[in-house]
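Asker: Take this structure, written in structure tokens, and hold onto it; I'll ask about it next.
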Amino acid sequence: MPPPTNALKARLGDGPPMLCLWLGLANAYVAELSGRAGFDCVVVDGEHGPNDIPTITAQLQVLAGTGTPAAVRLPVGEPWLIKQALDAGAQTLIIPMVETAEEAARLVAATRYPPAGIRGVGAALGRASDWGRIGDYLTTAEREICLLLQIESAAALDQIEAIAAVDGVDGLFVGPSDLAASMGHLGNPGAAEVGAAIEDALRRIGATGKAAAIFASDPEMAAGAMRLGARLVAVGADATLYARAAQDLYRQAAAARDAMGD
């Protein structure tokens, strides 16, 4: 019995672009609610969200019940952390701040068992193999693993084709905020120079035959990215959705209260 089909990986190459929600609140209840909201996929964020392997695992468990595929963004591309995330059941990984083909090759190796890579063999202890019940997990896991590497610096822009050419890299994910910072526009990913760089990056990624992905901060940006061929577009995050909704609710209630004094 092979591991479960990675629906996110399958969708990268076929069908309409995927709309994705970012999960940074590190909460399984929020993850389950988000998984039932209709999005094509979600990303459990371990870089800026207060997540660790246990909280990531809990979110993957509840998301499995919703049928919404999940990616996990790790804080760094360390082999030991990749190993733990894969054993916990993550099939799609997003690794931040990749700048060279050599880095990409090392990351691919961390997702492969020997002799193709360096992933530690301990599947019987992992959720990914259904604790050993998937008897051929060691020989079949690789085909369902999806690796997305983030292009987030000016240096990485120069290496898009080389990074994409690494076998085992499924797509490149443009990170507008860090890219803007590296280009001298900290806090301003909407700067014209940054926008032009992003458009160029999406076109070049698509030309390599690998999937392009991006976090789009507004609907116009999301639409533009999809027109340029982006296959996965993150269109919002749980934390910002809640913050805005809570603030809007307070303002409406406060306006009603204040109107009572007129």
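The values are calculated or read from the model by the stated rules, or taken from the named source; none is laboratory data. The shown structure was predicted, so the numbers you read here are calculated from the model rather than taken from an experiment. FYI the Cβ positions are ideal-geometry reconstructions off the backbone, even for glycines, and counts take in every protein chain you see. Note: areas computed on protein heavy atoms with side chains; ligands, DNA, RNA excluded. Shrake-Rupley method; radii C 1.70, N 1.55, O 1.52, S 1.80 Å.
Asker: Residues to consider are 88, 58; find the one that is in contact with a Leu (Cβ under 7 Å, 6 or more places away or on another chain) and at negative phi.
Answerer: Within the list 88, 58, the selection yields 88.
Asker: Additional query: Which residue is surrounded by the most Cβ atoms within 10 Å (Cβ to Cβ), if the candidates are limited to the range 216-225 and must be closer than 19 Å to residue 150 by Cβ and aliphatic (A, V, I, L, M)?
Answerer: 225
Asker: From the residues in the range 114-129 that are in contact (Cβ under 8 Å) with a residue 12 or more places away in the chain and of a type in the set (Gly, Ala, Ser), which one is nearest to residue 86 (Cα to Cα)?
Answerer: 128
Asker: Based on what the data block shows, is residue 214 in a strand (DSSP E or B), closer than 22 Å to residue 161 by Cα and touching a strand residue (DSSP E or B) at 6+ places or on another chain (Cβ under 8 Å)? Don't jump to the end; show me each part of the working.
Answerer: Numbers: in a strand (DSSP E or B): yes; closer than 22 Å to residue 161 by Cα: yes; touching a strand residue (DSSP E or B) at 6+ places or on another chain (Cβ under 8 Å): yes.
Yes.
Asker: Exactly one of (1) in a loop (DSSP other than H, G, I, E, B); (2) of a type in the set (A, V, I, L, M, F, W, C); (3) touching a residue at least 12 places away in the same chain (Cβ under 8 Å); (4) surrounded by fewer than 17 Cβ atoms within 10 Å (Cβ to Cβ) is unmet by residue 166. Its number?
Answerer: Of (1) in a loop (DSSP other than H, G, I, E, B); (2) of a type in the set (A, V, I, L, M, F, W, C); (3) touching a residue at least 12 places away in the same chain (Cβ under 8 Å); (4) surrounded by fewer than 17 Cβ atoms within 10 Å (Cβ to Cβ), only one is false for residue 166: (4).
Asker: Output the residue which, of all residues in the range 93-144 that are under 29 Å from residue 215 (Cα atoms) and among the hydroxyl-bearing types (Ser, Thr, Tyr), is most open to solvent (accessible area, probe 1.4 Å).
Answerer: Step by step, filter the range 93-144, then rank; the result is 100.
Asker: Which condition from (1) surrounded by fewer than 20 Cβ atoms within 10 Å (Cβ to Cβ); (2) under 18 Å from residue 23 (Cβ atoms); (3) not aliphatic (A, V, I, L, M) is the one that residue 175 breaks?
Answerer: Status for residue 175: all satisfied but (1).
Asker: Can you work out which of the residues in the range 31-59 that are among the charged types (D, E, K, R) and under 15 Å from the mean Cα position of the chain (by Cα) is least open to solvent (accessible area, probe 1.4 Å)?
Answerer: Selected residue: 45.
Asker: Being open to solvent by less than 20 Å² (accessible area, probe 1.4 Å), among the hydroxyl-bearing types (Ser, Thr, Tyr) and free of Cβ contacts under 8 Å to residues at least 40 places away in the same chain: is that true of residue 68 here?
Answerer: Numbers: open to solvent by less than 20 Å² (accessible area, probe 1.4 Å): yes; among the hydroxyl-bearing types (Ser, Thr, Tyr): yes; free of Cβ contacts under 8 Å to residues at least 40 places away in the same chain: yes.
Yes: the conditions hold for residue 68.
Asker: For the range 233-250, does any single residue satisfy the condition of being of a type outside the set (A, V, I, L, M) and either buried (at least 18 other Cβ atoms within 10 Å of the Cβ) or touching a His at 6+ places or on another chain (Cβ under 7 Å) (or both)?
Answerer: Yes, that holds for at least one residue.
Asker: I would also like to ask the following. What pairs can you find where one residue is in the range 238-262 and modelled with pLDDT of 95 or more, the other is part of a helix (DSSP H, G or I), and their Cβ atoms are less than 7 Å apart, with a gap of 6+ or different chains?
Answerer: These pairs meet every condition: 238/30; 238/34.
Asker: Anything in the range 11-21 that is open to solvent by 60 Å² or more (accessible area, probe 1.4 Å) and either out of contact with any helix residue (DSSP H, G or I) (no Cβ under 9 Å at 6 or more places or on another chain) or in a loop (DSSP other than H, G, I, E, B) (or both)? List them, or say none.
Answerer: Scanning the range 11-21 gives 11, 13, 14, 16.
Asker: Tell me, which residue of the range 71-88 that is in contact with an Asp or Glu (Cβ under 9 Å, 6 or more places away or on another chain) and over 19 Å from residue 19 (Cα atoms) is least open to solvent (accessible area, probe 1.4 Å)?
Answerer: So, considering only residues that are in contact with an Asp or Glu (Cβ under 9 Å, 6 or more places away or on another chain) and over 19 Å from residue 19 (Cα atoms), the one least open to solvent (accessible area, probe 1.4 Å) is 74.
Asker: Here's something else I'd like to know. For residue 195, indicate whether it is under 16 Å from residue 13 (Cα atoms) and open to solvent by 10 Å² or more (accessible area, probe 1.4 Å). Walk me through it before giving the result.
Answerer: Values: under 16 Å from residue 13 (Cα atoms): no; open to solvent by 10 Å² or more (accessible area, probe 1.4 Å): yes.
Against the criterion (under 16 Å from residue 13 (Cα atoms) and open to solvent by 10 Å² or more (accessible area, probe 1.4 Å)), residue 195 does not qualify.
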